[in-house]
Every structure is written in structure tokens, then in C-alpha cells.
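J.: Handing you a structure now.
Just so you know, all these numbers are worked out from the coordinates, no wet-lab data involved. Given the structure is predicted, the values throughout are model-derived calculations rather than measurements. Cβ placement follows ideal geometry from the backbone for every residue including glycine, while neighbour counts extend to all protein chains displayed.
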Amino acid sequence: MNEIPRFSFNHEKEADYRYFNENGCVIFRDLIEEKYSDKIITELQSVIQYQVQKHLNSSKQDFLVANDFDRGLIELARYNDTLRERLYNIIQRLPSLSNFMAHPNFIQIAKELGMSEPIYLAPHIRMDLPNEEKFLIPPHQEIRGTRSPNMIFMITALVDTDKKKGALLVAPGSHKLGPLLPKTNNDIRYQYELMPEQYQSLYPIQQVPLHKYETIVLNMYTVHGSSPNNSLETRWSTIIKSGENTYAISSKSFHSK
Ligand SMILES: O=C(O)CCC(=O)C(=O)O
Ligand SMILES: [Fe+2]
């Protein structure tokens, strides 16, 4: 299967949007400058180190983990799942995440893809520990709980993410299916928008590795999902959504009547 090509946000506008419209996804090497991700990593490091020093005794401090900035996290999570959860909640409010989300390119790309008044929705840091299955999401469209009729979302890798580390599953072209009807599934967590079997051969799903700092932009209808992290390191990524401001749309139509 063909690798998804990389584009430069600043230098290949026409080609990248053509690719996005055709495939429902595009990867940028340079959508957000590296310093924005570096800032998140620095803050993650300080939050993790603080928790590790507080909760793990010094004999446990010789950690095997290779992502240097998150040394100790895996041991901390293994030691106490509540601490893991608390840490996860804390990192969703890091100042560096707000700063990252406020990058003008996120709004620019939404505008250039046809949204008249985009707003940011739900910035989020994903923290996928090795062999942790419970937060993985099977193939789906990003339409659950979304009011916006037009939305894109962007996943930036904060660490090199190869197939073994759980690179994202994506079915290029599947956005052309439009919104899929929810399908029932025995797993009550996921009774929504799973990829119907008859489309799986039409739009085969593939794993999309990302290098650190690369961003994949997806259409809300592009089928995508998690794959398991079978490496020894944590997979870190940010997810930012940009949607049409539906309040603005409805007030405009109100005034035009
Ligand atoms: O990064 C992943 O594992 C999938 C994330 C995802 O699809 C989501 O948060 O909606
Ligand atoms: Fe998703």
C-alpha cells in the first residue's frame, strides 16, 4: 500500500489541499513549529518528574524507559492506576497545550478548507502507555457528539510513532462515504460509526506512522482508529479539532430572514 506523502504547509498549498480533498487526510511536516511541541514535552516532563519523585521511592528510579522526558511514567502507572488517571487529567490543562492550540495555522487551515468562522474544539493530549488496550478506539468517524456540519481534526505526534508504537489507522478516501449510520456492536462503549464491512475493501485501512512533530489532518468523515502500542515507550500525541461555528451560522441565517 502506498505511503501517505508529506507536504509542507507553507510551500505546497495547492497540492496539499488537492490531496486532502481526494483522500480525506494529509500529513504536514511543518504545520506547527517544533517549539510548540517542545514546550508541551517540557511541561510533561516536569509534571511526571514531580509525581515520580513524590510517589516512587528512590530504589525504583533506575528506569528502563527510553523516552527520556517521561522517565518513570510507566512505573508510576503500574504502581498506581489512580495516579495515572490523575496525571492524565492534569496534562489536559497544561498552559503549553492552550498555547499550541492557539497557533494561527489551525484556524488558517480550517478557513482555507472552507469554514467561514472556525472555532477550536476539545484540545486533548493522548497518552498511550505500552500494551494498554482500554483506551483504544476501533475504526470510526469523528462525528460523535459533534454539532458542526464541517469539522477537521489534527493529530500531532509528540514522539516518533511507528507501527509498533501504535501508529494511527486511517482509511484514505473513506470521507466520501459521508456520515455512516451507527452500527450496533456488542461492546457498549463503541456503538457508533464503526466501518461497515462492505466498505472495508473499497477503502482499505492502513497504519500511518508519523515522525515527531508531524501532523495528520483528517476530515470528520474519514474513518480512523487506534492501534495498540506494542513498544516499550509511551505514545504521546495532541488532538485538536476545528469546526464551523454553528452558533455563528444560525445567527446569520436568523438575521437574514
Ligand atoms: O490516536 C488514536 O489512537 C485515535 C484517536 C482518535 O481517534 C480520537 O481521539 O478520536
Ligand atoms: Fe477519532
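J.: Counting only other residues whose beta carbon sits under 13 Å from that of I32, what net charge do I get with K and R as +1, D and E as -1?
T.: Every neighbour counted, the sum reads -1.
J.: Arranged by the count of other C-beta atoms within 10 angstrom, fewest first, what order do D70, D16, D38, D81 take?
T.: Ordered by Cβ neighbours within 10 Å, fewest first: D81, D38, D16, D70.
J.: Once the convex hull of the C-alpha atoms of the range 122-174 is built, how many Å³ does it hold per residue, rounded to a whole number?
T.: In the range 122-174, the Cα hull volume divided by residue count equals 120 Å³.
J.: Could I ask something else about it? Take the alpha carbon gyration tensor of the range 201-249, find the square roots of its eigenvalues, order them as a ≥ b ≥ c, and report rounded if a/c is under 1.5; if not, report prolate when a/b exceeds b/c, else oblate.
T.: Since a/c reaches 1.5 but b/c is at least a/b, the shape of the range 201-249 is classed as oblate.
J.: Can you tell me how much longer the chain between Q92 and S201 gets when fully stretched, taken as 0.36 nm per residue apart minus their C-alpha distance, in nm with one decimal?
T.: 35.6 nm
J.: May I pose another question? So if we plug the beta-carbon distance of E133 and H55 into 1/(1 + (r/R0)^6) with R0 = 22 Å, what FRET efficiency do we get, rounded to 0.05?
T.: 0.35
J.: Averaging the inverse of every distinct alpha carbon separation and then flipping it gives the Kirkwood radius. What is it for the range 38-179, in angstrom units?
T.: 17.6
J.: Could you please report the charge total around L97, scoring K, R as +1 and D, E as -1 over all other residues with beta-carbon less than 15 angstrom from its beta-carbon?
T.: Its environment carries a net charge of +3.
J.: My understanding is that a pair violates if its Cα-Cα distance is over 23 Å; which of K54/K212; K13/K111; K134/K176; K35/K241; K212/K241 do that in this structure?
T.: Long pairs (Cα-Cα over 23 Å): K54/K212; K134/K176.
J.: Can you give me the P(r) profile for the range 6-250? Cα pairs, bins 10 angstrom wide beginning at 0, each as a whole percent.
T.: Using 10 Å bins, I get a P(r) of 7, 30, 36, 20, 6, 1, 0 for the range 6-250.
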